[in-house]
Amino acid sequence: MSDTKKFMYINRKAPYGTIYAWESLEVVLIGAAFEQDVSLAFLDDGVFQLTRGQDTRGIGMKNFSPTYAALGDYEINKIYVEKESLEERGLTLDDLQHLVWEDEDEDYAEKDSIRLVSRTELGDLMAEQDVLFNF
Amino acid sequence: MAMLHLVNKSPYDGSSLNTAASIMKSGDKLLLIEDGVYGAIKNGKSAALLNGLNVSVLGPDLAARGISEDRLVDGVTIVDYAGFVDLVEANEKVQSWL
Amino acid sequence: MKLTIQVNEGPYQHQSSDTAYFFTKAAIEKGHEVFRVFFYHDGVNNGTRLTTPPQDDRNIVKRWTELAQEHNIDMVLCVAAAQRRGLVDEGEAQRNGKDATNIAPGFRISGLGQLVEGGIQSDRLVVFGD
C-alpha cells in the first residue's frame, strides 16, 4: 500500500446557496474507488451541509443530504466536524445527521463516522494529510 | 510537514483569513493572493491577524490594487508568480482557503 | 515537482482562472512538470470555444489553449460539471443528443477520476477558486 496517500476533502461552504457542497461530494464518491486513505473535514459554513431534516422541495433542488449517510458504505468513516464552527453557528451534534459505518473487523458493529474536533485538532489532522481538496 | 496556506479573499469580506490564521501551525507559510492582499494593509483591523505569522503577498495583485509596499504591515515578503511556485515547492502541501 | 492544478471558477467572473494561468506558466518556466490542469464547477467554462472578449482585454480561453499546445499540457474539463453547464465535445454531443459542440482546442472532457488521479500522481495539488 505504499502508493496510498492521505486525502482530505475540506468543506467550508453551506449547501444549496452554491453548488460546491454537492460537487465536492461527487469527487468524494468517485474518489472512493481509488482506495486512498480518505477523510472529510467540515468547518466554517461547511458544518451546515450535515444538518438533519433538509427538505428542498420548495426550492426545486435535489436534496443530496442522504448521500452523506451513504458514505459509510464507501468505507469513508473519518468525518471531522469542527467544534468551534458548530458553536459559532448555534448548532450541536444533535442538529447533524447521525452518520455511521459498519466495522467488518468487529462483526459489522455500527460506529459513528462523525468525530467532533477542535480547531487545533483539525489543524493537526490537516498537517498529517498528503493532499487537501478544497471547493 | 509545513503547509502553504493561500488566502484569496479580503478579510473585510469573509472569514477565510481568520480561519487560516487561527489554524496555521508554527512553520507554516501564508501567501495572500488576489483580494487576499488587502489583509496585509497596516492599520487595517485585520492586520493583527497576521502577527507572528510568516506572510508573503503576491506583488502583481498588490500593484493591480494600487497598494504600495510601504502600506503593508512589517515583515511581509513580496513575491511574484515565480516566487509563488517556489513557495509551493518549499512546503509539503497547499491549503486553499476559498 | 509534478503539479496538478485545479480551477474552480469560470473566465472573467473571478480572478481564479487568471491566477491559475500565471502560476502554471511560471511553474513551466521554472522547469516543473504540470501533470494536469483540471477544471471543475464553473471552471469548465474556461473551455468554451465561443468567447469573444473585448479586443483590449486578455483572451483567457485562448491563453489556456496556447499554453497547453505549446507545452503539451493535459487540460481536463470535468464531464459532470461540463454536462451541467453545456460544454460539449463530439463524444458528449453524440451521447447526449446535442446539435453542436463548443469545446476549445487543447481541452478534453473527462471524469472526476482525472482529478483524483492528479492528486495521487502529483507532488502538489494547487486549487484556485472562490
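Read-outs: derived from the displayed coordinates by stated rules, not from any lab. As the structure is a computational prediction, the values presented were derived from the model and not from experiment. For neighbour counting, all protein chains shown are included, and Cβ atoms are generated from backbone atoms with ideal geometry for every residue, glycine included.
Some points to look at:
- Part-to-part distance (alpha-carbon centres) for region B:57-98 and region A:1-22, which is given in Å: 25
- Of the trypsin sites (Lys or Arg not before Pro) found in region A:50-102, those in coil by DSSP whose Cβ has at most 16 other Cβ atoms within 10 Å are A:Arg52, A:Lys62, A:Arg89.
- Sequence-distant lysines (8 or more away, or on other chains) whose Cα lies within less than 17 Å of A:Lys111: A:Lys78
- Principal axis analysis of the Cα atoms in chain C yields extents of 42, 38, 28 Å, listed in decreasing size.
- Relative contact order for region B:3-97, counting Cα pairs under 8 Å that sit 6 or more residues apart, in percent: 36
- Taking 13 Å as the straight-line reach from the Cα of A:Lys62, the aspartates and glutamates in range (excluding those fewer than 8 positions away in the same chain) are A:Glu23.
- Built amide H within the under 5 Å cut-off of A:Leu96, gap 5+: A:Arg52
- Straight Cα distances below 19 angstrom link C:Lys62 to the lysines C:Lys25, with same-chain residues fewer than 8 positions distant left out.
- Simple label model, 7 Å out from Cα along Cβ direction - C:Arg49 to C:Lys62, nm: 1.6
- Scoring C:51-62, B:21-32 by mean Cβ neighbours within 10 Å over their residues and listing the highest first yields B:21-32, C:51-62.
- Residue-averaged beta-carbon neighbours from other chains (10 angstrom radius) around B:54-63: 1
- Placing a pseudo-label 7 Å from each Cα along the Cα-to-Cβ vector at A:Thr92 and C:Arg84 gives an inter-label distance of 3.4 nm.
- Positive minus negative residues near A:Gly123 (Lys, Arg vs Asp, Glu; Cβ under 11 Å): -3
- Over chain B, volume per residue of the alpha carbon convex hull, in Å³: 84
- Across the options A:Ala127, A:Ile30, A:Ile59, the greatest Cα extent toward the positive end of the charge dipole of chain A (unit charges at beta carbon of Lys, Arg, Asp, Glu) belongs to A:Ile59.
- C-alpha long axis of helix A:20-31 to longest principal axis of chain A, angle in °: 30
- Cα centroid separation - region C:46-115 against region A:105-122, whole Å: 40
- Placed amide H near B:Ser96: partners under 5 Å, 5+ positions off or other chain: B:Leu6, C:Val127
- Hydrodynamic radius by Kirkwood, which averages 1/r over all alpha carbon pairs of chain A, in angstrom: 15.3
- Cα-derived Rg over Rh, computed across the protein assembly as shown with Rh taken as Kirkwood radius: 0.96
- ³J(HN,Hα) computed for each position of region A:10-15 - Karplus, 6.51 cos²θ - 1.76 cosθ + 1.60, integer Hz, glycine/proline x: 9, 10, 10, 10, 6, x
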